[in-house]
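The structure appears below as structure tokens.
The values are calculated or read from the model by the stated rules, or taken from the named source; none is laboratory data. Values in this document were obtained by computation on a predicted structure and should not be read as measured data. Neighbour counts run over all protein chains shown; Cβ positions are idealised from the backbone, glycine included.
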Amino acid sequence: MTSEHIEMHLKFLFDLDNLLEDMEAQDYQSIGFKIEKEEHLSLARARNDLLKKLPEEIADMYERLKKRYQRAIAPVDNGFCFGCFQKLPTELITRQKEFLTCPNCGRILYWRKKS
């Protein structure tokens, strides 16, 4: 699996995690959103399927980071990790095509695409 595919899977996983957390929040339900149990189970199954598609060591790292931080992955913009807002070493910035973690907070990094 290429680093681009891993990055794409991690972003989808992150989005699913946020959606599942929102669905379980009392505020979400109190404003009138009705959540069917089947829909919730379907999203949870999709999350598990997506997690299984990742290499095992990356899936384990994601789950470990998810327990520690609300955001297990963080974008990089202008050389800064947007998880901890620390400037990344120049050496890391030149290795954008690789699977990398922030040396400060440990989050999985991805680079925002410039338009």
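A few points about this structure:
- Close pairs from region 63-75: first assigned to a loop (DSSP other than H, G, I, E, B), partner surrounded by 16 or more Cβ atoms within 10 Å (Cβ to Cβ) and of a type in the set (A, V, I, L, M), Cβ under 7 Å, at least 6 apart: Ala72/Leu65; Ala72/Ile108
- Positions within region 1-58 being loosely packed, with under 13 Cβ neighbours inside 10 Å and not in a helix (DSSP H, G or I), in sequence order: Met1, Thr2, Ala25, Ile31, Gly32, Phe33, Lys34, Glu36, Pro55
- Any hit, region 7-21, residues being modelled with pLDDT under 90, under 20 Å from Arg112 (Cβ atoms) and in contact with a strand residue (DSSP E or B) (Cβ under 6 Å, 6 or more places away or on another chain): yes
- Subset tally (residues that are surrounded by 15 or more Cβ atoms within 10 Å (Cβ to Cβ) and either among the hydrophobic types (A, V, I, L, M, F, W, C) or on the phi > 0 side of the Ramachandran plot (or both)) for region 59-79: 7
- Enumeration of residues in region 96-113 that are surrounded by 15 or more Cβ atoms within 10 Å (Cβ to Cβ) and not β-branched (Val, Ile, Thr): Phe99, Leu100, Cys102, Cys105, Gly106, Arg107, Leu109, Tyr110
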